[in-house]
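Colleague: Sending over a structure as structure tokens; questions will come in a sec.
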Amino acid sequence: MNIKDNISLIACRWETIQQRIKAVQDASLLAAPRIKLVAVSKAQAVEAVCALLEAGCRDFGENRVQDAMVKWPKLRAQYPDVRLHLIGALQTNKVKEALTLFDVMHTIDRVALVDAIARVQHTLPDMRCREFFLQVNTGEEVQKGGVAPSEADSLLRYCQAHSLPVTGLMCIPPADVPPAPHFALLHKMAQDFGIPHLSMGMSGDYETAIRLGATHVRLGTALFGARNQEGA
Ligand SMILES: *Cc1c(COP(=O)(O)O)cnc(C)c1O
């Protein structure tokens, strides 16, 4: 499919998926009353992102600070009410840039990162980020970021002690197993901790995530079609 055809499809997918989300939400007892569709725009052409902005989407996810810094300041000048979500691993040397560009961070997962944020967050004149989600490695996979479920409680306390407002939990279940037990675990942890937001569910499993209480679903390919560089 050429780029033009794909761009005209993006607004349709945006409408269809919102209806789908609403239908699943209405049919599920555990569904959150408000669900945010975060459009994952990593590695997408600016034209594709603009198609979604014009359709009314305002929440976007990026996984690399550097890429987002190239793409978003210009778009944000046109659409000042855009909210950017960091959904990829954050290196401590990019913390300042990330705090001034992103509104929500979904990937707080270690003490060193909390320290780096706490050191600068009250000194940045253009600090933007107000919401921090802990990424939980529910599958305890070595190659994945996220705090182990057994250590989430202590990381949460550490954040609180360093005046980092943790308002959500996020997970990426292992690729090769049913995701529902992972979503259920995250939901249970959020209830135990009294944390309101749950960032879970991607293109392949967002309906399951909504049935288990997701408040933020992160959709890339379901909206944009296949990415050029997978994982980029
Ligand atoms: C890429 C990515 C997504 C979106 O994945 P799709 O399967 O394309 O919807 C969601 N969350 C994270 C953390 C990602 O890196």
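Colleague: Quickly work out the Lys74-to-Glu140 label distance, labels modelled 7 Å from Cα along the C-beta direction, and quote it in nm with one decimal.
Modeller: The two pseudo-label positions are separated by 4.7 nm.
Colleague: When the accessible area of the chain is split by element with a 1.4 Å probe, what percent falls to carbon and sulfur? Before the final figure, lay out the partial values.
Modeller: Values: 5850 of 11050 Å².
It is 53 percent, rounded to a whole number.
Colleague: How large, in Å, is the chain by the Kirkwood hydrodynamic radius built from its alpha-carbon pairs?
Modeller: That comes to 18.0 Å for the chain.
Colleague: For the chain, what relative contact order do you get, as a whole percent, if you take Cα pairs closer than 8 Å and at least 6 residues apart?
Modeller: Once divided by the residue count of the chain, the mean separation gives 22 percent.
Colleague: Treating the beta-carbon of each Lys and Arg as +1 and of each Asp and Glu as -1, no other charges, what is the dipole magnitude of segment 1-97 about its Cα centre, to the nearest 20 debye?
Modeller: Roughly 240 debye, rounded to the nearest 20.
Colleague: Considering amide H positions built from the backbone, and no H for Pro or chain starts, which residues 5 or more places from Thr107, or on another chain, come under 5 Å of its amide H?
Modeller: HN-HN under 5 Å from Thr107: Phe133.
Colleague: Can you tell me which of 28-40, 104-116 comes out highest on packing, and rank the rest after it, using the mean Cβ neighbours within 10 Å?
Modeller: Working: 28-40: 16.8, 104-116: 21.0.
The densest-packed peptide leads the list: 104-116, 28-40.
Colleague: Hey, another quick one. Restricting to Cα pairs below 8 Å that are 6+ residues apart, what does the relative contact order work out to for segment 166-228? Please round to a whole percent.
Modeller: For segment 166-228, the relative contact order is 30 percent.
Colleague: Using the structure shown, select from Lys4/Lys188; Lys22/Lys188; Lys144/Lys188; Lys4/Lys144; Lys4/Lys94; Lys96/Lys144 the pairs with a Cα to Cα distance greater than 32 angstrom.
Modeller: Correct reply: Lys4/Lys188; Lys4/Lys144; Lys4/Lys94.
Colleague: I need to check one value: relative contact order of segment 128-232, counting alpha carbon pairs closer than 8 Å and at least 6 residues apart, in percent.
Modeller: Normalised by residue count, the contact order of segment 128-232 is 21 percent.
The values are calculated or read from the model by the stated rules, or taken from the named source; none is laboratory data. Because the structure is a prediction, the values reported are computed rather than measured. Every residue, glycine as well, gets a Cβ built from its backbone with ideal geometry; the counts of neighbours run over all protein chains shown. Accessible surface is based on the protein model in full, side chains and every heavy atom, while ligands, DNA and RNA are left aside. Shrake-Rupley method; radii C 1.70, N 1.55, O 1.52, S 1.80 Å.
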